[in-house]
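FYI, it's all coordinate maths here, none of it is from the lab. This is a predicted model, so every value here is computed, not measured. Here Cβ is always computed from backbone atoms with ideal geometry, including for glycine, and neighbour counts include all displayed protein chains.
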Amino acid sequence: MQNTKNQAQLYAFVTVLLWASAFVFTKIALTYYTSEAIGVLRYVIASLLFIVIGLFTKIGLPEKKDIPKFLLAGVLGFSLYMITFNQASKSLTAATGSVVIASAPILTALFARIIFKEKIRSLGWIAIAVEFSGILVLTLWNGIISVNAGMLWMFGAAVCISGYNLLQRSLLKKYSPLQSTAYSVFAGTIFLLWYLPDAAVQFGNAPLQQLLVMGFMGVFPSALAYMLWAKALTIAQKTSDVTNYMFVTPLLAALMGFLIMGEIPTLATCVGGFMIFAGLLLFKKSNA
């Protein structure tokens, strides 16, 4: 059982590492592409990759009665998530955006407690409170109680990914991680195709650097990351065992933002990030 838990945590960590890179590369992509183009191109590339994999592995088709669930998962986890995420990225740094969306594990844990009756120990809730306090430190550091539009967009993205996590937890009882991820990506891509004509023009005229950036985002933070996430959710005992790792995203995004884009983390990001990391260790201890 401990080995399985460690595997789930490893899959979760690699996933959030890849997701953290999306914050940085989205900022780079936004210097050329529109936010709508980024959303559709990411998942068209991911869908094409899953089509190739699906042909070789013969994953088949989902049952008709489950199609509405996959459509909803696609809307929440990909199309609507991409729209809100990219809109937020226009006005937020990679570090700040990743901290706001780190509220997703809290929302997921609360919903999983209600829907799946998943219990979290008292120490676990204390850890979540510490992690959430880290978010508050960053967003309220300068004494500004109101939040800007970018933070609201990113919080909307957090709500979307929380709903996606819960749907996947349910679907993965019946489908493999590859099937569940591929069907959800296909569904999400369908709702983004409205933006494809303009995105195709942008992609066709893009310089090599932007082609590589979009290729990376389509394969790694999209296709591979979500498939690893599904694998982690499949073998985890509780949803929170996996989703709690999303709290690490701000630290990873801040580090990548500094290394790749030269974004200097603020003192608020450092303090808030330290609190989030401390809370993660505390949560891990609560499940030991």
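Across segment 151-286, C-alpha contacts under 8 Å between residues 6 or more apart give a mean separation that, scaled by the residue count, equals a relative contact order of 25 percent. Build a GNM of the chain with springs between Cα atoms under 10 Å apart, and of 42, 121, 169 the one that fluctuates most is 121. With the simple model of a label 7 Å out from the Cα in the direction of the Cβ, residue 30 to residue 194 spans 2.1 nm. Largest GNM mean-square fluctuation across 126, 114, 45, computed for the chain with C-alpha springs under 10 Å, falls on 114. Could you tell me what % of all Cα pairs in segment 1-144 have separations over 21 Å? In whole percent, the long-distance tail amounts to 61.
Determine the shape class of segment 2-286: with a ≥ b ≥ c the square roots of the Cα gyration tensor eigenvalues, call it rounded for a/c under 1.5, and otherwise prolate if a/b is greater than b/c, oblate otherwise. It is oblate, given that a/c is not under 1.5 and a/b is not larger than b/c. Residue pairs exceeding 27 angstrom between C-alpha atoms, taken from 69/119; 173/284; 27/58; 119/174; 117/231: 27/58. Contact order for segment 2-286, expressed relative to its length and based on alpha carbon pairs under 8 Å spaced 6+ residues apart, stands at 42 percent. The GNM of the chain, with springs linking C-alpha atoms under 10 angstrom apart, assigns the highest mean-square fluctuation among 156, 74, 204 to 204. In order along segment 174-189, the Karplus-derived 3J(HN,Hα) couplings, from 6.51 cos²θ - 1.76 cosθ + 1.60 at θ = phi - 60°, round to 10, 10, 6, x, 5, 4, 4, 5, 4, 4, 5, 5, 4, 4, x, 5 Hz, and Gly and Pro are given as x. Our note on the geometry: Cα centres of segment 11-80 and segment 200-272, 12 Å apart.
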